1. Do the conditions hold for Gly34, that is, is it surrounded by 17 or more Cβ atoms within 10 Å (Cβ to Cβ) and either within 17 Å of Asn219 (Cα to Cα) or among the hydroxyl-bearing types (Ser, Thr, Tyr) (or both)?
2. Can you tell me which residue in the range 146-167 is surrounded by the most Cβ atoms within 10 Å (Cβ to Cβ), limited to those that are touching a helix residue (DSSP H, G or I) at 6+ places or on another chain (Cβ under 6 Å) and more than 19 Å from Met179 (Cα to Cα)?
3. Go through Gly86, Gly61 for me and flag whichever is surrounded by 16 or more Cβ atoms within 10 Å (Cβ to Cβ) and either farther than 24 Å from Arg135 by Cα or not assigned by TED's automatic domain parsing to the domain that holds Asn120 (or both).
4. Looking at the structure I just gave you, is Asp325 modelled with pLDDT under 90, closer than 23 Å to Thr398 by Cα and outside the structural domain of Val403 (by TED's automatic domain parsing)?
5. Restricted to the range 333-359, and to residues that are of a type in the set (Gly, Ala, Ser) and surrounded by 20 or more Cβ atoms within 10 Å (Cβ to Cβ), which residue is farthest from Asn323 (Cα to Cα)?
6. Considering only the range 120-206, give the helices (runs of 4 or more DSSP H) lying wholly within it that have at least 1 residues that are touching a Phe, Trp or Tyr at 6+ places or on another chain (Cβ under 6 Å).
7. Restricting to the range 169-191, name every residue that is loosely packed, with under 14 Cβ neighbours inside 10 Å and of a type in the set (Val, Ile, Thr).
8. Mind checking which residues of the range 192-204 are hydrophobic (A, V, I, L, M, F, W, C) and either free of Cβ contacts under 8 Å to residues at least 12 places away in the same chain or surrounded by fewer than 20 Cβ atoms within 10 Å (Cβ to Cβ) (or both)?
Amino acid sequence: MLRKQIREFWLDYKSEVFFFLVSVCMVVLSTWWGRFIPDKVYDNILTPIFNTCTIALSFGGAWMLFRRSEGIRARRLFAVALLVWGTCDLIYLVGWAVAPHRVMDMAAYELTTYELVLGNILGWVLLLYPTEALRPGWMNWKRAFLQLLPLAALMAFDYIMPFNLWPVIALYPYMLLVMLFSHMRAYRKWCEDNFSSLDNIDVRWIIRYSTMLFIVGINYVWMCSTHYHTRGFTQQWFVVIMIIYATEHILFRKDPWREVRRDDVQCTNSPTTSNNLKLLQTLPNGEASNLQTLPNGEASNLSLADDIRIFEHWMAEEKPYLNPDFQLADIRAVMPKNRTTISQFINSTYGCSFFQLANRYRVEEAQRLMSAHPEMKLSDIASACGFSSLAVFSRTFTRQTGVCPREWSATKK
């Protein structure tokens, strides 16, 4: 059982593991190489350059996100995070111009408690985006206050206690990161219940974003315990990369919650529901059904067996799963029920999510094509069966059959 879970995790998140390992290697090499940079070169040249880049990218990214927010609250929250980060770096840069040795000589002093608190607040602000992306509307002023309250308490205790609490304060953002991971499983299940393809909407992007925050946080903790200027060098260029990477992805990432809400509105206002009900008066086996229309547009007096026959006939004849954008809402064309009812129907009848069922049909179609047309390329088969890419097809096929497409095709020759 454990071996199977590890195998499925590897199939699902192989690219994310490589992303983490490559990022860690880059940070380690940067830390080693940064030790050869003279202190004056770093403090007087590199740091102002890095800070200027961060300020420009933060303000520029915030402007683009606000301009193209399209009513998506998660984008606005990340824009706010960029504004906060850019403002902090701007204040720091102004401080360097006023008192460069006192403010920017990072090799000469340890971070104070107040700088630790500032770093924690920046970490909390950067976690607003993934929290909103996973659970829209969950973050409000009350929850924000409750999340920051322990930080204020730690700061007060650090002032009162005779010993330094910086290790606990520095690790506080990781407590928030653990809370974020608790939302990921529920979000993935919601995605699988509503979409047949998880491209650009799954937790993969959130995992990569959280990985970058995790590395920034680790380097931040190291900054709190060392005097070498390499603590700042690695942090600054990695933050620049993180801002560019995150802004680009957030700008072009689909908002699945918005798509679901739009589909619900279209279904509610659609005049085709009654037409679909008329088309269903005769079931696939030719038997008449006592189908009636309720005020809310749902069907009554239709047995579970009738629902199954209608659905399976539609899937076999129309093959909607061949469309890469096939969604749970599309089933309303033959089952004019609400989204929750359709999802429960699939889960209870087939023992899997909508995502898993759609891909089960796609894999079966791929097997039929590979048997009937062995000359077809796997990339063409993947496209014809509704998979977004050959990699997704190979991963899904391997998970369901236990062998990769090439191996399965070879056994059929």
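1. Working: surrounded by 17 or more Cβ atoms within 10 Å (Cβ to Cβ): yes; either within 17 Å of Asn219 (Cα to Cα) or among the hydroxyl-bearing types (Ser, Thr, Tyr) (or both): yes.
Yes.
2. Taking the range 146-167 and keeping what is touching a helix residue (DSSP H, G or I) at 6+ places or on another chain (Cβ under 6 Å), we get 151, 154-155, 158, 165-166.
Retained after the next criterion (residues that are more than 19 Å from Met179 (Cα to Cα)): 155, 158, 165-166.
Values: Met155: 17, Asp158: 17, Leu165: 17, Trp166: 19.
Filtering the range 146-167 for residues that are touching a helix residue (DSSP H, G or I) at 6+ places or on another chain (Cβ under 6 Å) and more than 19 Å from Met179 (Cα to Cα), the one surrounded by the most Cβ atoms within 10 Å (Cβ to Cβ) comes out as Trp166.
3. Values: Gly61 fails: either farther than 24 Å from Arg135 by Cα or not assigned by TED's automatic domain parsing to the domain that holds Asn120 (or both).
Step by step, each of Gly86, Gly61 is checked, and only Gly86 is surrounded by 16 or more Cβ atoms within 10 Å (Cβ to Cβ) and either farther than 24 Å from Arg135 by Cα or not assigned by TED's automatic domain parsing to the domain that holds Asn120 (or both).
4. On the way: modelled with pLDDT under 90: yes; closer than 23 Å to Thr398 by Cα: yes; outside the structural domain of Val403 (by TED's automatic domain parsing): yes.
Here the answer is yes, as Asp325 does meet what is asked.
5. Taking the range 333-359 as the starting set, the residues that turn out to be of a type in the set (Gly, Ala, Ser) are 333, 343, 348, 351, 353, 358.
Checking the rest, the ones that are also surrounded by 20 or more Cβ atoms within 10 Å (Cβ to Cβ) come to 353, 358.
On the way: Ser353: 18, Ala358: 10 Å.
Within the range 333-359, the match that is farthest from Asn323 (Cα to Cα) is Ser353.
6. Working: elements: 128-134, 141-160, 166-170, 172-194.
Result: 128-134, 141-160, 172-194.
7. Once the filter is applied, which keeps residues that are loosely packed, with under 14 Cβ neighbours inside 10 Å and of a type in the set (Val, Ile, Thr), the range 169-191 yields only Val178.
8. As a first pass, look at the range 192-204 and keep what is hydrophobic (A, V, I, L, M, F, W, C): 195, 198, 201, 203.
Leu198, the sole residue that qualifies.
The values are calculated or read from the model by the stated rules, or taken from the named source; none is laboratory data. Because the structure is predicted, anything quoted here is derived from the model rather than measured. Using ideal geometry, Cβ is built from the backbone for each residue, glycine included, and neighbour counts are taken over all protein chains shown.
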